[in-house]
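Heads up, the thing below is written out as structure tokens.
The values are calculated or read from the model by the stated rules, or taken from the named source; none is laboratory data. What you see is a predicted model; the values in this text were computed from it and never measured. Virtual Cβ from ideal backbone geometry, glycine too; neighbours counted across all protein chains shown.
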Amino acid sequence: MSDYLFATAQWRGQHRGAAKGSPPKLLMEAASRSLSVAAIADEADLRTLRAAYDPAPTPNLPPPGPARASTALPPTPPHVPPAGPAPSR
């Protein structure tokens, strides 16, 4: 529909230099608005389809239990005996 309105407004170049509010300018504005409406409807349709057929994955939450101090730090290394000779008495 917007293609038809746009083509009608451009017929014989009447839209060039036409005054604001004139039929060619109004047709151009109607074509532009109908494209905007179609784009908004397309976006809404796409979001609806994604919500129905491609839902967001559920987050992998840790099982409930004692809270850890910080998950950003690496685990503590295992105890390693000191290297070298043992001190004598």
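A compact table of results
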read-out	value
Boolean, residue 33 is within 22 Å of the chain's Cα centre (by Cα) and modelled with pLDDT of 80 or more	no
Failed criterion for residue 70 (all others in (1) surrounded by 10 or more Cβ atoms within 10 Å (Cβ to Cβ); (2) at pLDDT below 70; (3) under 32 Å from the mean Cα position of the chain (by Cα) hold)	(1)
Hey, residue 58 at pLDDT below 80, among the β-branched types (Val, Ile, Thr) and exposed (fewer than 10 other Cβ atoms within 10 Å of the Cβ) or not	yes
Odd one out for residue 21 among (1) at pLDDT 70 or above; (2) assigned to a helix (DSSP H, G or I); (3) not hydrophobic (A, V, I, L, M, F, W, C)	(2)
Pair list, Cβ under 8 Å, 6 or more apart: region 34-50 residue at negative phi, other residue surrounded by 10 or more Cβ atoms within 10 Å (Cβ to Cβ) and aliphatic (A, V, I, L, M)	34/1; 34/5
